[in-house]
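These notes concern the structure reproduced below.
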Amino acid sequence: MGILSFIKEAGEKLFSAASTPANAEAAPAAPDLAALNKTAGDAIATYIRSQGLEATNLQVSYDGASHTVTVSGEAADQPTKDRILVAAGNVQNVDKVDDQLSVTAPAAAPTQFHTVVAGDNLWKIAEKYYGSGAKNGVIFEANTPMLKSPDKIYPGQVLVIPPVQ
């Protein structure tokens, strides 16, 4: 549990920046900030579920003022938890994810996360973490279904780097 950092300009576009509470405050008519936060949180929860990711009592909330998503519930295992956190964070206008998820199964070795920079590819990332680019498939599998293709990573995206088995 803790806070994970993301790049708020990168990721899936589930809602517009103008509809987030931080940007809505400057608008002439004061919108219902709680409703905007709830709508954004619901959109992120729907996106997580659309990726086939589930957790018992999964709750997702969004605070537009701080661009923070809070995720709670109980994931079946560590890889599912990691995927849920990355799916929640790789959304535009999300800067941080507050991890309040627990795991049913005992935790394996700690998971690492990698923020993609220009020029990265899965081979290069696998070389960095595992010493062998040939293990790029491990990273791809750990990030499915969010990654549809090993070639479709982008700067600012955060990837799960599972421990070497």
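Quick notes
- Pick from region 108-165, criterion assigned to a loop (DSSP other than H, G, I, E, B) and among the hydroxyl-bearing types (Ser, Thr, Tyr), ranking: nearest to the chain's Cα centre (by Cα): 144
- Filter result for residue 136 (in contact with a Leu (Cβ under 9 Å, 6 or more places away or on another chain), farther than 24 Å from residue 13 by Cβ and not basic (Lys, Arg)): yes
- Members of region 61-90 that are touching a Phe, Trp or Tyr at 6+ places or on another chain (Cβ under 7 Å) and part of a strand (DSSP E or B): 69
- Condition broken by residue 142, with the remaining ones in (1) under 23 Å from residue 67 (Cβ atoms); (2) surrounded by 13 or more Cβ atoms within 10 Å (Cβ to Cβ) satisfied: (1)
A quick yes/no check of all residues on (1) in contact with a helix residue (DSSP H, G or I) (Cβ under 8 Å, 6 or more places away or on another chain); (2) of a type in the set (A, V, I, L, M); (3) crowded, with 18+ Cβ neighbours inside 10 Å; (4) modelled with pLDDT of 90 or more:
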position: 10; (1), (2), (3), (4): no, yes, yes, no
position: 15; (1), (2), (3), (4): yes, no, yes, no
position: 26; (1), (2), (3), (4): no, yes, no, no
position: 35; (1), (2), (3), (4): no, yes, no, yes
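- Of all residue pairs spaced 6 or more apart or on separate chains, those with beta-carbon atoms under 7 Å, a first member in region 129-156 that is on the phi > 0 side of the Ramachandran plot and a second member that is at pLDDT 95 or above are 156/115; 156/116.
The values are calculated or read from the model by the stated rules, or taken from the named source; none is laboratory data. All figures in this text were calculated on a predicted structure; none of them were measured in a lab. Positions of Cβ are generated from backbone atoms using ideal geometry, with glycine treated the same way; all protein chains shown enter the neighbour counts.
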